[in-house]
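Trainee: Below is a structure I'd like to ask you about.
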Amino acid sequence: MSALLAPTLRFPTVAPAPAPGAVRVCFMIDRLSRAGTESQLLALIRELDRSKVRPSLVLLDGEDDLSRALEPADCPVVRLGVRKLFSPKAVSAARRLRAFWHEHKPDVLQVYFLDAAYLGAPLAKMCGVKKVLRVRNNLGYWLTRRHRVMGRMLRPFVDATLTNTDAGRDALVTKDGIRPERIVVMENGVDTSRFKRFMLPDTSKKRVRVGCVANLRPVKNIDGLMRTAKAALEQFPQLTFEVAGEGEQRAQLEKLHAELGLGDRFVLRGSVPDVPNFLRSVDVAVLPSHSEGMSNALLEYMAAGRAVIATDVGANAKLLDDGRCGLLVPPNDGAALVGALGALLANPLRAAGYGAAARRRADSEFSRGAMRARFESFYRDLAAA
């Protein structure tokens, strides 16, 4: 068993008193990072109107430098330092957590990921927290039978499960047996202000850049994109491909890159801290994933006004308005992706039109302001109930 680090509390320098009637929501997650779920959580905490919702944050571990650096400045935070949940010293962490909740008196606990849920949900009910919400924003493709059994054991302590797509709701009903009335769909948002004054894509250029933002994991299908690129370059030599992201598949993908002889026509850029700047130079943005919930990358593509090609999985069709804001292709169909690239190259006005429509849709329906309003209304109704 790994040692338990000393739990650490951190509070803002000036902590304003909760506004009368503000709903107190405590968020609980393993640690903070730049991954999709963590980024959406941090964005939500930053956006919430403190006169309506007063957030606090519990980190099961959170002792690493990146997690510390990402902590929101105006939100009480407790780091429990728990690296292994099932350890005797987790009991002392639970006592610290009870003390934190006793001080901040949350009306709602919202938990992310398995370990945080296993510790937080039962303890919250024991401490008198009125409502416990569990978040699952993927389709559960990775869950084992053991995970599902433990999820059923946790169910009595959870008042509602949040997911960000209709597909996620359907998976929770059919695969996990959760009643539909106990599932709430809360869609993500994107910071559209970071993508202002972007030129629309132009696929008539002598060199057309195809970009992808993705972690290098099997579900993102970057190996499939490489094989597609090999076929596409034979028909459309003006293309170049770049992937922004890092992950466990790096060595495997580098080997495949060499085997396919892609050279500088397909570049693995690694982690890119400035995604808007990366997308600014991209003409076509692709999302080749095998599975998605509500893709943060796709929302960013739309906010940037890129011409988008995405696999028809998860919420992609809904985000792209069933093909009105970009092209949808079947998953695992390299030929269809090559055909979609050809269609955008052959009709630059169509590519620009997709980009403009996607930008308008992101601004009107999937901005951070729209996301904040959805959550604030939900928390208000939940507290009233």
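Each value in this text was obtained by applying a stated rule to the coordinates, not by laboratory testing. In this text, all values refer to a predicted model and were calculated from it rather than measured experimentally. Note that each Cβ is placed from the backbone with ideal geometry, even for glycine, and that neighbours are counted across all protein chains shown.
Trainee: Where in region 328-358 does the label zone of VAL267 land, with the point 7 angstrom along Cα→C-beta and an amide N cut-off under 16 Å?
Mentor: none
Trainee: ³J(HN,Hα) across region 198-203 via Karplus (A = 6.51, B = -1.76, C = 1.60, θ = phi - 60°), whole Hz, x for Gly/Pro?
Mentor: 8, 5, 6, x, 9, 8
Trainee: Right, next: What is the set of long-range amide H partners of VAL53 at a cut-off below 5 Å, with H atoms built 1.01 Å from backbone N?
Mentor: Excluding prolines and chain starts, which carry no amide H, the hits are VAL23.
Trainee: Show the residues, 5+ positions off or on another chain, whose built amide H is closer than 5 Å to the amide H of GLN110.
Mentor: CYS26, PHE27, MET28, LEU133
Trainee: Please give the helix 334-346 orientation as an angle from the longest Cα principal axis of the chain, in degrees from 0 to 90, rounded to the nearest 10.
Mentor: 70
Trainee: Provide the gained length on full extension for the span ARG146 to LYS175, in nm with one decimal, where the gain is 0.36 nm per separating residue minus the Cα-Cα distance.
Mentor: Taking ARG146 through LYS175 to full extension adds about 9.1 nm, to one decimal.
Trainee: Continuing with this model, one more query. What ³J(HN,Hα) values, in whole Hz, does the Karplus curve 6.51 cos²θ - 1.76 cosθ + 1.60 give for region 248-253 when θ = phi - 60°, with x put for Gly and Pro?
Mentor: Each residue of region 248-253 in turn: 5, 8, 3, 5, 4, 5 Hz.
Trainee: According to a simple spin-label model (label point 7 Å from Cα along Cα-to-Cβ), what is the distance in nm between VAL185 and GLU246?
Mentor: 3.6
Trainee: Using the Cβ atoms and a cut-off under 12 Å, what net charge is assigned to the surroundings of LEU256, where Lys and Arg are +1 and Asp and Glu are -1?
Mentor: Once all neighbours under 12 Å are counted, the net charge is +1.
Trainee: So how far, in whole Å, is the C-alpha centre of region 162-230 from the one of region 54-117?
Mentor: 29
Trainee: Would you mind putting 372-378, 222-228 in packing order, based on average other-beta-carbon counts within 10 Å, highest first?
Mentor: Top to bottom by mean Cβ count within 10 Å: 222-228, 372-378.
Trainee: Which order do TYR354, TYR301 fall in if you start with the one that has the fewest other Cβ atoms within 10 Å?
Mentor: The order, fewest Cβ neighbours first, is TYR354, TYR301.
Trainee: Here's another thing I want to ask about it. Once you keep just the Cα pairs under 8 angstrom separated by 6 or more residues, what percentage relative contact order results for region 192-365?
Mentor: This gives 28 percent for region 192-365.
Trainee: How large is ³J(HN,Hα), in whole Hz, for each residue of region 347-357 in order, when computed from phi with the Karplus curve 6.51 cos²θ - 1.76 cosθ + 1.60 and θ = phi - 60°, using x for Gly and Pro?
Mentor: 3J(HN,Hα) across region 347-357, in whole Hz: 9, x, 5, 5, 4, 5, x, 4, x, 5, 5.
Trainee: For ARG83, what charge total do you get from the other residues with a beta carbon under 13 Å from its beta carbon, if Lys and Arg give +1 and Asp and Glu give -1?
Mentor: Taking every other residue near ARG83 into account, the sum is -1.
Trainee: Which residue fluctuates most in the GNM of the chain (Cα springs below 10 Å): MET199, MET294, MET302?
Mentor: Between MET199, MET294, MET302, it is MET199 that shows the largest mean-square fluctuation.
Trainee: Could you grab the relative contact order for the chain? Cα pairs under 8 Å, six or more apart, rounded to a whole percent.
Mentor: Result for the chain is 16 percent.
Trainee: Using the count of nearby Cβ atoms within 10 Å as a rough guide to exposure, how do ILE178, ILE309 rank from fewest to most?
Mentor: Listed from fewest to most nearby Cβ atoms, that is ILE178, ILE309.
Trainee: Please arrange CYS127, CYS26 by how many other C-beta atoms lie within 10 Å of their C-beta, fewest to most.
Mentor: The order, fewest Cβ neighbours first, is CYS127, CYS26.
Trainee: What order do you get for 269-281, 231-243 when each peptide is scored by the mean count of other beta carbon atoms within 10 Å, highest first?
Mentor: Sorting 269-281, 231-243 by mean packing, highest first, produces 231-243, 269-281.
Trainee: Given a 10 angstrom Cα cut-off, can you work out which residue in ARG350, ARG361, ARG148 is the most mobile in a GNM of the chain?
Mentor: ARG148
Trainee: Turning to a different aspect of this structure: What angle, in degrees between 0 and 90 and rounded to the nearest 10, separates the Cα long axis of helix 36-47 from the longest principal axis of the Cα atoms of the chain?
Mentor: Rounded to the nearest ten degrees, it is 60.
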